[in-house]
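Values in this text are rule-based calculations from the coordinates and carry no lab data. Note that the structure is a prediction, hence the values are computed from the model and not measured. Cβ placement follows ideal geometry from the backbone for every residue including glycine, while neighbour counts extend to all protein chains displayed.
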Amino acid sequence: MSLFRKLSGGNESARGTTKNFFIGCPEAEGESTANSKIKLGEMFGDFLKVFHELDSEKFIITGRKGSGKTAIAEYILFTAQNNANSFCSFIKSRDLNIQKVIQIGKENGLPFEDKLLFEWLILTKLINLFTEDNSLEDYKEFKDLKQFLNKNSGMVDIKEYEILEIVRTNSYDIALEYFKRVFSAKFKRDLGIKEHKAPFYKILPQLQQVVLSLLKENISADNEYILIFDDLDIGFHESDKNSIENITSVLRVAKDYNIDFFGKNGINVKIIILLRDDLKRTIAKYNADTAKIFSSYEIPLVWYEHENYKRNVNAVGLKQLINKRIAANFDKENLFCDPSDPWQSLIRDNPQYNGDSFKFVIDHTFFRPRDLILFFRTLPANEFEIPLSYFDIRKLLTSYVEDLILEIKNELTAIFSQDDIEKIFTSLKNLKRLRTPFSKSQILNEFHSVNLAYNHELAIIHLFDYSIIGNFDFVDGLPRVYFKFREKREEPSIINFELKFIFCKAIELYLEKRESQRQ
């Protein structure tokens, strides 16, 4: 690059376009593949200091869909795969169909507590991680454990076809031969079960003894093992007590193992739970102990940084995150950008943004990483000239809100039926025509007019909790808004029915677009 180009401040970048720009994949798993245009391992930044908290007793990562839970987990996996002493594995509900396994047991006269299945999964997954350690391959007990897993693969890696086999045989039995060898060798006594097969839950105490004994012996002293529960939202609904109880059981079992078995024994094993914050709100109210579990062990992903937004927007984690991705695209295209603030090279400030262009865009989002990735998703298709104009930004926002509404409707299925979701959005469209802040009674009237089946007042609370609506007030003669996604960690936003309500900007833009199309 010439000296003159550098001195010019990069104005030549205006000749570039966004044809080949790719800011990222909305799903973090997509960025962990070998052929991804952007590699999560290169782009990830721990802007919320999550790993510092994971190094303590905390193990539950909560956040709204798109807040970065899976990105954190995928980065942990990526790092472990590139570290000879670290071993990591996922336990995903979508792969295991845990609820179906438990239901089959009940239907076939083999009822057992769901916590027993989660213990089985944790212990067998840990054994799986042991067997990946090449430094242990010469130990006979590990060879026998590997054979034990192979012989019982149907109950270790529970896929759909294994579930069908369980249904066919009406059995949760596992082959015990190789496990008996390991147990006898370690503890110099018999397993206490004469049969060659037994239901998996019959050997859980002995299996736990074996796993903890192997870990305590520190055969490979520097090793660490990480298990991550993901996709717990699949099939979840607040009216389904079984799905609530299943997640509650995961939390309890993970707490017992992390604190009582691993933590108190100084064992380098961590079980991490990824959980949507809307599910957390439901589960925290379900049992007396769950609220305490969250208050003690939760790491909430809160991207809204009130003070930084006011004083130094470049210090905001979300801007640092997106700047890293923007800079990578400028570099790939051999275009100059300001290294101190790549955003300004792509979208410059001007009076139309009423100040800062980043604040203008982020105010139309829920302050999550995925919002910004979705916002820039159509950059290559539009082939905008760089820097983007105000009208380019408006076009990106219009596309973004369409994607956002699909995600919101998907989130709402944890609470409402599909029919009620459509009725709620019909009500929102009608409220938008008022063109002023609206009251609780006006919302209730709209819900009544569309025959919403769900409890009307609770529905308003949920809309507030999902930040679809927020409270509106005047303080010292100035307008003040209160949205859930803008709450401070130490000051949760709570709905106030005495105040009026407004839409968040993204929802308002979506409803405006629908209104103009109707006309």
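Only Cα pairs under 8 Å and 6+ residues apart enter the sum, and on that basis the relative contact order of the range 416-519 stands at 29 percent. Mind checking the angle between helix 69-81 and the chain's longest principal axis? C-alpha axes, 0 to 90 degrees, to the nearest 10. Roughly 50 degrees between the two axes.
Averaged over residues, the count of other Cβ atoms within 10 Å places the peptides 252-264, 30-42 in the sequence 252-264, 30-42, highest first.
Relative to the longest principal axis of the Cα atoms of the chain, the long axis of helix 241-255 makes an angle of roughly 70 degrees. In a reduced charge model with +1 at each Lys and Arg Cβ and -1 at each Asp and Glu Cβ, the chain shows a dipole moment near 340 debye about its Cα centre.
Could you tell me which GluC sites (Glu not before Pro) in the range 383-419 are loop residues by DSSP with no more than 13 other beta carbons within 10 angstrom of their beta carbon?
Those that pass, being in a loop and sparsely packed, are E383.
Spatial offset of the range 374-391 relative to the range 41-79 amounts to 29 Å, using the alpha carbon center of each.
Only lysines eight or more places from K216 in sequence, or on another chain, were considered; those with a Cα closer than 16 Å are K186, K264, K270. Calculated from the structure at hand, Cα Rg over 2.2 N^0.38 Å is found among (1) 0.90; (2) 1.42; (3) 1.11 as (3).
If you count, for each residue, the other Cβ atoms within 10 Å and average over each peptide, how do 442-449, 244-251, 491-498 line up from highest to lowest?
Per-residue Cβ counts within 10 Å, averaged per peptide and sorted highest first, yield 244-251, 442-449, 491-498.
With K and R counted +1 and D and E -1, the other residues having a Cβ less than 12 Å from that of I72 yield a net charge of -2.
Within the shell of other residues whose beta carbon sits under 13 angstrom from the beta carbon of F497, the net charge comes to -1, with Lys and Arg scored +1 and Asp and Glu -1. As a rough guide to protection, the peptides 192-204, 474-486 ranked by mean Cβ packing within 10 Å, highest first, stand as 192-204, 474-486. Taking a Cβ cut-off of under 12 Å around F118, the surrounding Lys, Arg, Asp and Glu residues balance to a net charge of -1, with basic ones at +1 and acidic ones at -1. Axis angle, to the nearest 10 degrees, between helix 140-151 and the longest C-alpha principal axis of the chain: 70 degrees.
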